[in-house]
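Here's the structure we're looking at; comments come further down.
Since every read-out is calculated from the coordinates, none of them should be taken as a lab result. Model, not experiment: these values are computed from the prediction. Here Cβ is always computed from backbone atoms with ideal geometry, including for glycine, and neighbour counts include all displayed protein chains.
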Amino acid sequence: MKDEPWSVVLVTYDTMEAEIIKDLLESGDIPVVLRSSKVGPYPVNVGKMGEIKILVRDEDKELAERVIREETDVE
């Protein structure tokens, strides 16, 4: 899994949104990794420090983007 190429399909600043999208994609058998630069218990949402990147395998990118678009009306 580590050696596979991964792509960012969405960047959000909302932890709840990231978790909901992760659950949505995983329910369709699309593996998901969340990456964040947030530090400890501090709710920092400024610039890059607040970003949560949602990553999927390169081979799943188009399907994941379509699922996100259809389920959330986000383009």
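Fully extended, how many nm does the chain gain between residue 49 and residue 66 (0.36 nm per residue separation, minus their Cα-Cα distance)?
Values: separation 17, 0.36 × 17 = 6.12 nm, distance 2.73 nm.
Extending this stretch completely gives an extra 3.4 nm.
Run the simple label-point estimate for residue 26 and residue 58 please: 7 Å along Cα→C-beta, distance reported in nm.
About 2.5 nm separates the two model spin labels.
Using C-alpha positions alone, give me the convex hull volume of the stretch 6-72 per residue in cubic angstrom. Mind showing how you got there, number by number?
Values: hull volume 5.5 nm³, N = 67.
Taking the convex hull of the Cα positions in the stretch 6-72, it is 82 Å³ per residue.
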